Amino acid sequence: MIQTAWLIPIFPLVAMAAIVLFTHRHRALSAGISIAAVSLSFLWGWSVAVSVWGDPTVHRMSFDWLNLGESMYIPIGIQIDGLTGMMLVVVTTVALMVQIYSLGYMRDDPRYSRYYAYLSLFTMAMLTLVLADNFFLMFVSWELVGLASYLLIGFWFEKQSAADAGKKAFITTRLGDLGFILGLLLLYTGCGTLTFQGVFSAVDSHVLSGGLLTIAGLCLFAGAVGKSAQVPLHVWLPDAMEGPTPVSALIHAATMVVAGVYLVARSMSIFLAADRAAMVVAWIGIITSVMAASIGLVQNDIKRVLAYSTVSQLGYMIMALGLGGFTAGTFHLMTHAFFKALLFLGAGSVIHAVHTNDIREMGGLHAKMKTTSITFLIAALAIAGVFPLSGFWSKDEIVAATLGHPIFTVLTLAVAFMTAFYMFRLYFLTFTGKPRDQHKFDHAHESPKTMTVPLQILAVLSVVSGWIGLPWLEHGFSSVVFHEHPHHPEFHVVWAFIAALVGLSGIGLAYMMYYKGSIDPERVRARATGLYTTLLNKYYFDEAYSVLFVRPYYTMCRGWFWFDQHAIDGAVNGLGRVSVAWSVFNRWFDETFVDGAVNGVGWLTRGFGAIVRHLQTGRVQNYAFIVFAALVVLWLLQ
Amino acid sequence: MGILTFLIFWPALAALVLLFLPTRHAHRAGWIAAATAAIEWIASLWLWFGFVPGSGFQFVEHAQWIPRFGVAYQLGVDGISLLLVLLTTLLTLIGVASSFSAISASRKGYYASLLLLETGVIGAFCATDVFLFYVFWEAMLVPMYFLIGVWGGERRIYATIKFVLYTMAGSLLMLVAIIWMYQYGARSGAGTFNLSDWYGYSIPPSTQVWLFAAFALAFAIKVPMFPFHTWLPDAHVQAPAAGSVMLAGVLLKLGTYGFFRFAVPLFPQGYAALADTIWVLAVVGIVYGAVMTLIQSDVKSLIAYSSVSHLGFVMLGLSAMNLIGASGSVLQQINHGISTGALFLLVGMIYERRHTRQIDDYGGIYAVVPVFTSVFLIVALSSIGLPGTNGFVGEFLILLGAFAVRPIFTAVATVGIVLAAGYMLWMVRRVFFGTVTRPENEHIRDLGFRELAVVVPLVILIIWVGVYPRPFLDRINPDLQNWLQRVHASGPCPCGINKTTASTLVPFDTTGAIHPASGQDGGG
């Protein structure tokens, strides 16, 4: 299997090409091809992952993409280790679930084939990203997942907001990619190669070290900040919810947005050697996490709550990695992928039923859609970190990673509290209580099997996927996905207990406010209007960016264009005008003096002639007179 | 008769036939031109397959022309010009085929001009005698003058006069320098215009500066480099679509080609003295062009300014003066020709339907013309250098090369990549996305078969170069290696830094770092 692992991204690539070139007129066929391809990737991916499970060797295959002398050698290839195996499992599983789910969700869409072509493009690129054995190929696929994201966010391009969101996502992440590119340039210049192996051995042997290494690390991290929606480039992810909900689940929750986390995890050698860069990573992570979680407390759009939750959880992973918790970050990446995909697909099922995103128009939906409700509840419990669901185990590792940094520990627990609260606020407002919009409630219905079966499968994974990290397991997660050395996680009973308690109290508060009604949310809101408004407006990031960057840039463009037209082109045209003026002058000079001289000579000649012609009158008397006069003169002279 | 002579004069011959074509057959002019260009293109493929990388000038032809002054008819192509010649024949074919429905007035003259332009451009790329080069360099202005001035837009006269005068004025100093070089050779023997002989001259550095400046000015206007770029938007906006394709795709490349072929290797020390200026102008051009685009309301002038930015990258790669940068630079010349050529082509197609190029006159037409939009999107993405397309390969190599020499400058240039995404996607957003805002846009025809046939080859090239550029780079590189040796051999390294720093920066310990990665332990 491992020898043919390069086929894993090829299947969806072929599917995309087939749909675009041949079958785009046949909806069912296009979807079938796409799902068949991702199923193959799924089987291949899982068997590769299983075969590297517990196998410490790193498998590599590469070929020379460019080989033009020693100063220009860029091989590309794939590399399979525990981390890649885990990512393959995550990506192929969620991709398969989402593609099946989309059969139902997108059933009535006129651009069904195109949708599956884009999904296949994304799957191909994402699988390439996790398989890549070098930064170059990783960057290539990194941009291609960004393209797929752009196309899918703007899938319903008639909607102005969707079209804007796609553009915003692409440009914002590209800002981060600016850093990524510079990081690549630095690494290539410093290490002479872009393969993971080459770069990391150069880092280990201090070929690249000190300030340059720190800068390189920060540059790479800038890419991660863009892709994984960390502060200050997080603003695109909530807007990206304009895309179809299965896309949000696949790209903007489970896979593409964790690419940044994956990048940091992959580059762990760099961050371990550059501890200042690592500290920046940790701080960005926790700030993002706290900020996004607090925004999530007050949002009313079901998908936006989940989006901020995603940003917040990504912050968790980034922070853990920054603090050196390699296994914690990657473990949480995996469990989060499953329960967050489930949450999004559950939200999609709800939206499919009630045709609104606003939780204020929902309520009591448990009665109408039991499968959706129960699976959503399981996911919410998992993200809240309730024992023994997957989130409990991974969140515990995150808390463990912060030990020794009290501020981080406290903030991590605060985020855990907020997460549990907003998630259950969402659950209670959506599924319990009385319907707040009777009309929508009456038309609600459980989604078709194509949608509920993926929910059930993901629910199972949300429960059990944490168990491969059980501390007392012989070949647990950390003995397969590790940096440098396989190890056994330490299980901190006290901290696990505290974290669980914090989660439960968040749930409890939500229960009192939104289920029992013993605390009135309106009164809480009235108490803290300023804070509430700030949170509701997401800390005014978009507004600030507009005032600080977008509009000044636009003004600058206008100014430069004025300069271009008036100064530079003005100089060119001015030079032209000077030439014209010069030639006008020349013409005057020419006509007056040069031509004047010519004419003058003529005039002079004529004038002279006019005088002289009196000598030649043709009359004999005159001639005789002249002869006589001449003789007189001669005689006198003598 | 050699293949190069055929390539140069076959279009001219056809143009002559076209001019004498009886008026009652004028409507066939397009087909005659297309057949001519197709034969030309097929013939040029001979170069691709027959080319032996790294053996200097090939397909060489030599004949006396004006022996008294040492002027010879002398042709050859190497890795620097090979792909440019191929690009020219392809774009001419595409330009001709795309004009069938766009041009209805005086077809004979139009197609004759296009073909004569091809003659001039290929001649300039193939000439290895400087006098001959100069003849072609000036001669190609004439057909371009007519293309813009007769078949152009409203302000065509202004644009075409500006274009011709600007270019000619720039060339005059080059002519002086050429004559100086001839005299210099004549002093120590028989005067000649043979480029290979000129490479051997050892000219005092202080003189080289002036000579380089004279050549560089002519080429910088043609590229165009900031601040000599203002003729470009005017010319592009006014030119007919095929004229823009040729202008952006091929004519601008004569500027960058001139730097590679003449200015830099003839006067390496002169270049070294002015290298800093070129670095700065290249970086300024990249950012400046990108900033300009955002404010444009006309799609064509947007693309024109983006060309200023992209050609800044080409000059940046040249400035790096190392193999990666130079290869990227030569490749990016081709890439820009493909991508920007395709963009102008597509803009021309939509112009034929709606007779406007204002961004605001469109909006939401994705739903109306999905195929057109998809093709446009691919081309636009290649223009902004998305990985998997040609633009990325060129830009990345250029950045790799330049970064090793001047990291800060290169970092600034990288900003151009982000800005590019901004202006391109914003334009795409406003033209294609959203709902259809104007009733007259509701029933635009999507691309027809002929139009697809014209543009698909470019799309294929975009992806081919993007995914597997080796066939192209393998042809470019060996000659560039020799080129670099020639430039570096003469005196101080002209890249602006001294050699020891460069070597510690660039080819790092390749033995240790690279080879373990090439997969001995793979496949377990």
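Count Lys and Arg as plus one, Asp and Glu as minus one, and take only other residues whose Cβ is under 14 Å from that of B:Phe6; the net charge is then -3. Sorting A:Lys303, A:Lys538 by solvent-accessible area of protein heavy atoms yields A:Lys538, A:Lys303, largest first, with a 1.4 Å probe. Surface listing: A:Val225, B:Val368 arranged by accessible area from highest to lowest gives B:Val368, A:Val225, probe 1.4 Å.
Using only protein heavy atoms and a 1.4 Å probe, how much accessible area in total is buried between B and A, to the nearest 100 Å²?
The B and A chains share an interface burying roughly 6400 Å².
Each of A:Ile611 and A:Leu637 was given a label point 7 Å from its Cα along the Cα-to-Cβ line. The distance between the two points is 1.9 nm. Each part gets one Cα centre, and for the stretch B:25-68 versus the stretch A:365-422 those centres are 70 Å apart. A cut-off under 10 angstrom between Cβ atoms defines the neighbours of B:Ala15, and their net charge, with Lys, Arg +1 and Asp, Glu -1, is 0. For the stretch B:205-222 versus the stretch B:337-378, the spacing of their alpha-carbon centroids is 39 Å.
Once C-alpha pairs closer than 8 Å and six or more residues apart are averaged by separation and normalised to the residue number of the stretch A:160-310, the relative contact order reads 26 percent. In this structure A:Trp6 has an accessible area near 130 Å², from a 1.4 Å probe over the protein heavy atoms. Accessible surface for chain A, divided over its residues, is 40 Å² per residue with a 1.4 Å probe.
Taken over chain B, lysine pairs spaced eight or more positions apart, or on distinct chains, with alpha carbons under 24 Å apart number 6. For chain A, averaging the sequence separation of C-alpha pairs within contact (under 8 Å, six or more residues apart) and dividing by the residue count gives a relative contact order of 11 percent.
Between 0 and 90 degrees, the angle of helix A:370-384 with respect to the longest Cα principal axis of chain A falls at about 80 degrees. Helical runs assigned H by DSSP (4 residues or longer) give chain A a calculated mean residue ellipticity at 222 nm of -23000 deg cm²/dmol, each run adding -39500 (n - 2.57) before division by the residue total. For the protein assembly as shown, the dipole from Cβ point charges (+1 on Lys and Arg, -1 on Asp and Glu) about the Cα centre works out to 2380 debye, to the nearest 20. Between the residues A:Thr128, A:Tyr623, A:Phe271, the greatest Cα displacement towards the positive end of the dipole of the protein assembly as shown, with unit charges on the Cβ of Lys, Arg, Asp and Glu, is found for A:Tyr623. Remark: the stretch A:405-412, residue by residue, has Karplus-estimated 3J(HN,Hα) of 10, x, 4, 5, 4, 4, 5, 4 Hz, where x stands for each Gly or Pro and the curve is 6.51 cos²θ - 1.76 cosθ + 1.60 at θ = phi - 60°.
Dipole size of chain A about its Cα centre, with +1 on Lys/Arg Cβ and -1 on Asp/Glu Cβ: approximately 1660 debye, rounded to the nearest 20.
Within the full protein context, the accessible area of A:Asp55 is estimated at about 50 Å² for a probe radius of 1.4 Å. For the residues A:Trp560, A:Trp467, A:Trp588, a 1.4 Å probe over the protein chains yields an accessible-area ranking, largest first, of A:Trp588, A:Trp467, A:Trp560. Surface composition of chain B: carbon and sulfur atoms hold 68% of the protein heavy-atom accessible area at a 1.4 Å probe. The aspartates and glutamates within cross-link reach of A:Lys440, meaning a Cα-to-Cα straight distance under 15 Å and a gap of 8 or more places when in the same chain, are A:Asp358, A:Glu361.
With axes computed from alpha carbons, what is the tilt in degrees of helix A:569-589 against the longest principal axis of chain A, rounded to the nearest 10 within 0 to 90? For A:569-589 against chain A, the angle is about 10 degrees. If I take every Cα pair under 8 Å that is 6 or more residues apart in the stretch B:3-518, average their sequence separation and divide by the length, what percent do I get for the relative contact order? Normalised by residue count, the contact order of the stretch B:3-518 is 16 percent.
So what is the 222 nm mean residue ellipticity for chain B from helices alone, if each DSSP H run of at least 4 adds -39500 (n - 2.57) and you divide by all residues, rounding to the nearest 500 deg cm²/dmol?
Result for chain B, helices only: -23000 deg cm²/dmol.
The values are calculated or read from the model by the stated rules, or taken from the named source; none is laboratory data. Just so it is clear, the model here is predicted, and its values are computed rather than measured. Backbone-built Cβ (ideal geometry, glycine too); neighbour counts: all protein chains shown. Just the protein is used for accessible areas: all its heavy atoms, side chains included, with ligands, DNA and RNA removed. Shrake-Rupley method; radii C 1.70, N 1.55, O 1.52, S 1.80 Å.
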